[in-house]
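Inspection log for the structure reproduced underneath, given as structure tokens.
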Amino acid sequence: MEKKGIILCSVVVLLGIISTGAGFAAEVTRVKASQVKVDVLGECSYPKSPALGLSLISAGTLLIGKIIINTAAGCFCCRRTDPSHSSNHTKALTFYIISWITFMAAIGLLLTGAALNDRRGEQVYKDGGIYCYVIKPGVFAVGAVLSALSSIFGVFYYQTLNSKAKDASNAPIPNQGGIVMARPQFPSENPGFVNGDAYNKRQFN
């Protein structure tokens with residue numbers, strides 16, 4: 001891989017690491033049920049939590065990495081399929097689909113977790129009791145894992161397309177059928193504008 005591709009993949013991997021780390025940090029710092037209190041007015045009182053900011057950082061860095069890798073790789077659907085590189089095309093398509101699926105799932109979980117974790121002052125009255133909204137454990141963690149997978153498969157997708165283009169540029173020139181250039185040779189013939197005796201005399205002198 002060329003130097004530009006190495007730098008690009010390194011940046012995307014770094015953004016993926018930041019996104020994954022921020023996602024797990026949001027999981028650790030999310031509001032737990034034991035931390036929520038009900039005040040004298042019957043409203044849920046939530047403690048301050050950095051999970052909102054961390055989840056937004058995780059989603060933002062993942063989005064930036066996705067934009068970078070897809071901009072560098074170009075439009076996959078616009079590329080023409082070369083029969084000689086059908087295996088690489090299949091791999092690239094697989095990595096492309098997986099990276100997008102994991103990306104959409106990760107963004108959805110991280111943003112949903114951020115919204116639910118910051119629902120202050122909301123409660124549900126059920127069976128004569130007060131129930132406060134608390135995000136379920138594992139939402140941020142799953143989003144962090146999917147962020148890592150999206151970044152990894154995005155890099156695989158770029159590398160597969162890059163190797164395909166490199167192989168095509170280094171392809172040998174096809175054989176031209178053994179054509180050899182040479183001067184044509186023709187037997188000496190009577191040009192037709194002199195009589196036969198004069199022509200033969202010129203040939204033997």
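The values are calculated or read from the model by the stated rules, or taken from the named source; none is laboratory data. Computed from a predicted structure; not experimentally measured. Note: ideal-geometry Cβ built from the backbone for every residue, glycine included; neighbour counts use all protein chains shown.
Couple of notes before you dig in:
- So L52, is it in contact with a Leu (Cβ under 8 Å, 6 or more places away or on another chain), aliphatic (A, V, I, L, M) and closer than 30 Å to S99 by Cα: no
- Looking across region 24-48, the residues that are without any contact (Cβ under 8 Å) to a residue 12 or more places away in the chain and within 38 Å of the chain's Cα centre (by Cα) come down to V28, K48.
- Test: residue in region 99-106 that is assigned to a helix (DSSP H, G or I), modelled with pLDDT under 90 and among the aliphatic types (A, V, I, L, M): no
- Being buried (at least 19 other Cβ atoms within 10 Å of the Cβ) and either aliphatic (A, V, I, L, M) or more than 38 Å from the chain's Cα centre (by Cα) (or both) is a description that does not apply to V13.
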